[in-house]
1. Which ones in the stretch 210-268 are closer than 17 Å to S313 by Cα, within 11 Å of the ligand (Cβ to nearest atom) and of a type in the set (A, V, I, L, M, F, W, C)?
2. Given the criterion buried (at least 18 other Cβ atoms within 10 Å of the Cβ), at pLDDT 85 or above and over 18 Å from G162 (Cβ atoms), identify the matching residue among G239, G285, G301, G289.
3. Tell me the helices (runs of 4 or more DSSP H) entirely within the stretch 172-285 that contain at least 2 residues that are more than 27 Å from K116 (Cβ to Cβ).
4. Please identify the pairs in which a residue from the stretch 238-265 that is within 13 Å of R279 (Cα to Cα) has its Cβ atom under 7 Å from the Cβ atom of a residue that is more than 16 Å from the ligand (Cβ to nearest atom) and charged (D, E, K, R), counting only partners at least 6 apart or on another chain.
5. Identify the single condition in (1) of a type in the set (G, A, S); (2) under 26 Å from A265 (Cα atoms); (3) at pLDDT below 95 that A150 does not satisfy, given that it satisfies every other one.
6. For the condition over 25 Å from P153 (Cα atoms) and not assigned by TED's automatic domain parsing to the domain that holds L308, what is the one hit in I258, I184?
7. On the basis of being farther than 29 Å from G93 by Cβ and outside the structural domain of S65 (by TED's automatic domain parsing), does Q228 make the cut?
8. For the stretch 198-214, what are the residues that are without any contact (Cβ under 8 Å) to a residue 60 or more places away in the chain and basic (K, R)?
Amino acid sequence: MRQLYRPLLSVITVSFLLLSTPIAQANPAPPIEVVASFSILANITKEVGGPLVNVASLVGPDADSHVFNPSPADAKSLARAQVVVINGLGFEGWIDRLVKSSGFKGALVVASNGVKPLDFKDETKSNAPEQKHSHKHDHKHNHAKDDHGAVDPHAWQDLKNGKIYAENIRAALVTVMPAARDEINARAHRYIAQIDALDQASRVRLAAVPEAQRRVISSHDAFGYFAQAYDVEFFAAQGWSTEREVSAADMAALIREIRKDQVRALFVENMSDPRLMQRISEETGVRIGGKLYSDALSAPGAGADTYLKMFSSNVNTILQALEP
Ligand SMILES: [Zn+2]
C-alpha cells in the first residue's frame, strides 16, 4: 500500500506546483483605477484596497475642495476610472457636472452613506460664539434645520464616521473585485480596528481637559462632527464653506465674543488662508495654537499624510494649545 501511494502523491504534488504556482504569478489581477474626490478619501481607499487599487485624488493635499475647479484632465481620469469615491453630503458641489461630462460609467461610491448628518446652523447668520452658546447644552440634539436643509459635510472629523466611510469603500471594492474579497475584507477589518483604537484614545485624552477649557476657534466651520464626538467647543470665523466671505460685522462680533469668553486658542487650517486668524489673534491677544487639518491631508511626509495621522495631529495640536 505504502509503496503504491508514495509515487502517486509525488505526481500530484509536482502537478500542483507546476500548474498553480506559475499561473498565479504570471497573471496577477492588475490593480483597478479609482478616483477619489479629495485626499482624505483617497487615503482611506488606499488603506482598504492596498495593492489592488491605484488611487488618484482630484483635490490634492492642503487644497480646498469647496472651491475646486475640475480640469479637462480630471474628466479624463474619471473616464478611465472603474470606481469613483466621493464624500457626498453636498461637499463636492462640482462632482455631478464632472461625472456627467466625463462619461464615467463605473461604480460611484458615496462614502458618507449611512452617516447621521449634522444640520448646519443658518449660514446666512453670523457664527459668533453667542449663537453657539445657546446650543451649547443641546448640541447632542438636532439643530433646527435651516431654510436650505443644508447639512454639514465634514463627517470624517468624527472617527466613528470614518469607520462608516471605510466600510462603504470595502463593500464597493468587493463588488467590483469579488475574487479579491478575502484580501479586501481582511485589510478593511484591520484598518477599521485602527480607526476604533484612535477614536477611543482621542476621546480619553480630550476628556482629561477641563470642559471650560475646551473652547477653541477655527477658520471655517469644519469641526462640527469633531465638536460633537469629542466634546470640544469650536467657534468658526467663517461659515461651513470657505466660499463665504467674513463681513466686518461678523468679525467684530467674533472679536467681542472672544474677548468676553475665555477662548483658549485659535487655529489656522492647512487649506485656508491664515491671514484671517492672524488678524483675530492680533486684535484679541489670543495666540495661534497651531495648524489643524480640516478638509485635506498634508503633503506626503509632512506629518498628516494619512487620515489617521491627520486626526492624531489635530488631537495633539488641540491638547497642546489647551494645556495651561
Ligand atoms: Zn470645509
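1. Passing the criteria: A222, F223.
2. Being buried (at least 18 other Cβ atoms within 10 Å of the Cβ), at pLDDT 85 or above and over 18 Å from G162 (Cβ atoms) holds for just one of G239, G285, G301, G289, which is G289.
3. 181-207, 248-260, 275-284
4. I255/E283
5. Just one mismatch for A150, condition (2).
6. I184
7. no
8. Within the stretch 198-214, just R203 meets the criteria.
The values are calculated or read from the model by the stated rules, or taken from the named source; none is laboratory data. Source: prediction; values computed, not measured. When we count neighbours, we look across all protein chains shown, and the Cβ atoms used for this are built from the backbone with ideal geometry, even at glycine.
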